[in-house]
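J.: Here it is: the structure, laid out below.
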Amino acid sequence: MRPSGRALDQMREIVIEPNFTRHAEGSCLIKCGNTHVLCTASLEERVPPFLKNTGLGWVTAEYGMLPRATNTRMRREAKNGQSGRTQEIQRLIGRSLRASIDRVALGERQITIDCDVLQADGGTRCAAITGGWVALRLAVNKLMKAGDIRTDPITDNVAAISCGIYAGQSVLDLDYAEDSEAGTDANFVMTGAGGLVEVQGSAEGATFSRAQLGELLDLADKGIGELVAAQNGAANA
């Protein structure tokens with residue numbers, strides 16, 4: 001029995017509220033159960049120096065957690081410097097979202113996705129990737145509507161989901177209670193077409209088998225399908 005009472009292959013409730021902020025070119029608030037992340041997309045008509053005069057665009061990301069996103073207060077990283085965990089997560093988000101972009105079609109401009117965790121209950125990086133894609137989609141829609149680009153540079157959806165082995169059973173979409181006790185924890189980043197972008201998985205105690213990895217991948221495939229439907233619903237609202 002899962003702590004939440006959910007079935008083994010049951011997601012938490014997914015809610016994506018598009019255009020959540022006024023000023024960003026694209027934004028959404030994504031709620032995956034009790035994990036809530038604000039994602040914004042900011043457009044700049046320039047690229048990092050290493051891409052200047054290449055004709056290629058760039059998508060990058062930043063990630064952070066509010067001090068009381070968790071059950072005890074964390075010190076602000078703006079005061080103390082970014083942790084290794086934060087740097088690793090925001091690089092993951094950037095890599096994941098770039099997998100959905102034709103950088104030639106985007107042109108020589110940069111879109112920065114900011115992911116701010118308002119409330120954490122497991123799966124924050126997955127929610128940030130999933131919501132970050134919606135913010136990116138909305139920003140690109142504005143570029144196309146304005147006639148700044150003619151070809152849609154977004155080639156597919158990208159979303160992410162966690163899976164794990166909890167109490168000896170493969171489960172989908174871990175919340176914190178499960179994540180903290182899971183024998184195996186894995187994050188899957190996938191495209192809407194089912195392509196794998198990145199897989200992060202590790203055994204916290206006993207090792208896991210190839211068959212169990214297959215079970216986790218099957219669960220992830222199901223979860224990604226549900227997330228992609230939610231993304232498209234929000235982006236087309």
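J.: Which condition number does LEU143 fail, the rest of (1) farther than 21 Å from ALA186 by Cβ; (2) of a type outside the set (Lys, Arg); (3) assigned to a loop (DSSP other than H, G, I, E, B) being met?
T.: The one condition LEU143 does not meet is (3).
J.: For the subset of the range 113-145 comprising residues that are surrounded by fewer than 19 Cβ atoms within 10 Å (Cβ to Cβ) and of a type in the set (S, T, N, Q), which member is farthest from LYS31 (Cα to Cα)?
T.: ASN141
J.: Please determine whether any residue of the range 201-217 is closer than 19 Å to LEU38 by Cα, touching a residue at least 24 places away in the same chain (Cβ under 8 Å) and hydrophobic (A, V, I, L, M, F, W, C).
T.: Step one: filter the range 201-217 for residues closer than 19 Å to LEU38 by Cα, giving none.
The answer is no, given that none of the residues of the range 201-217 is closer than 19 Å to LEU38 by Cα, touching a residue at least 24 places away in the same chain (Cβ under 8 Å) and hydrophobic (A, V, I, L, M, F, W, C).
J.: Look at the range 94-108 and say how many of its residues are touching a residue at least 60 places away in the same chain (Cβ under 8 Å) and either closer than 20 Å to THR21 by Cβ or aliphatic (A, V, I, L, M) (or both).
T.: Of the residues in that region, 2 qualify.
J.: May I ask you to say which residue of ALA211, ALA203, ALA220, ALA235 is in contact with a Ser or Thr (Cβ under 6 Å, 6 or more places away or on another chain) and of a type in the set (Gly, Ala, Ser)?
T.: Numbers: ALA211 fails: in contact with a Ser or Thr (Cβ under 6 Å, 6 or more places away or on another chain); ALA220 fails: in contact with a Ser or Thr (Cβ under 6 Å, 6 or more places away or on another chain); ALA235 fails: in contact with a Ser or Thr (Cβ under 6 Å, 6 or more places away or on another chain).
Criteria check complete, one pass: ALA203.
J.: So the check is Cβ under 7 Å with 6+ separation or different chains; which pairs have a first residue in the range 49-73 that's over 12 Å from LEU118 (Cα atoms) and among the hydroxyl-bearing types (Ser, Thr, Tyr) and a second one that's modelled with pLDDT of 95 or more and assigned to a strand (DSSP E or B)?
T.: Correct list of pairs: THR60/GLN110; THR60/THR112.
J.: Moving on to the next point. Would you pick out the residues in the range 7-38 that are of a type in the set (Asp, Glu) and either crowded, with 19+ Cβ neighbours inside 10 Å or touching a Leu at 6+ places or on another chain (Cβ under 9 Å) (or both)? Steps first, please.
T.: We begin by selecting, within the range 7-38, every residue of a type in the set (Asp, Glu); these are 9, 13, 17, 25.
Within the range 7-38, ASP9, GLU17, GLU25 meet the criteria.
Let's see how each residue does on (1) in a loop (DSSP other than H, G, I, E, B); (2) of a type in the set (Phe, Trp, Tyr):
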{"site": "LEU38", "(1), (2)": "no, no"}
{"site": "ALA41", "(1), (2)": "no, no"}
{"site": "VAL47", "(1), (2)": "yes, no"}
{"site": "PHE50", "(1), (2)": "no, yes"}
{"site": "ASN53", "(1), (2)": "yes, no"}
{"site": "LEU56", "(1), (2)": "yes, no"}
{"site": "GLU62", "(1), (2)": "no, no"}
{"site": "ARG68", "(1), (2)": "yes, no"}
{"site": "ARG73", "(1), (2)": "yes, no"}
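J.: Now for a different question. Within the range 167-177, track down each residue that is surrounded by fewer than 22 Cβ atoms within 10 Å (Cβ to Cβ) and either hydrophobic (A, V, I, L, M, F, W, C) or over 19 Å from the mean Cα position of the chain (by Cα) (or both).
T.: ALA167, GLY168, GLN169, ALA177
J.: What residue, of VAL59, VAL47, is aliphatic (A, V, I, L, M), within 18 Å of MET144 (Cβ to Cβ) and either surrounded by 12 or more Cβ atoms within 10 Å (Cβ to Cβ) or touching a Pro at 6+ places or on another chain (Cβ under 9 Å) (or both)? Don't jump to the end; show me each part of the working.
T.: Working: VAL47 fails: within 18 Å of MET144 (Cβ to Cβ).
On inspection, the qualifying residue turns out to be VAL59.
J.: Return only the number of the condition from (1) more than 21 Å from MET1 (Cα to Cα); (2) surrounded by 17 or more Cβ atoms within 10 Å (Cβ to Cβ) that GLU198 does not satisfy.
T.: With respect to (1) more than 21 Å from MET1 (Cα to Cα); (2) surrounded by 17 or more Cβ atoms within 10 Å (Cβ to Cβ), GLU198 is out only on (2).
J.: So, one more: Looking at ARG109, ARG137 in this structure, which one is closer than 19 Å to VAL15 by Cα and among the charged types (D, E, K, R)?
T.: Working: ARG109 fails: closer than 19 Å to VAL15 by Cα.
Only one candidate qualifies: ARG137.
J.: Since ASP156 meets every condition but one in (1) surrounded by fewer than 20 Cβ atoms within 10 Å (Cβ to Cβ); (2) within 24 Å of ILE89 (Cβ to Cβ); (3) touching an Asp or Glu at 6+ places or on another chain (Cβ under 9 Å); (4) charged (D, E, K, R), which condition does it not meet?
T.: The single condition ASP156 does not satisfy is (3).
The values are calculated or read from the model by the stated rules, or taken from the named source; none is laboratory data. Note that the structure is a prediction, hence the values are computed from the model and not measured. Cβ coordinates were reconstructed from backbone atoms using ideal geometry, including for glycine residues, and neighbour counts include every protein chain displayed.
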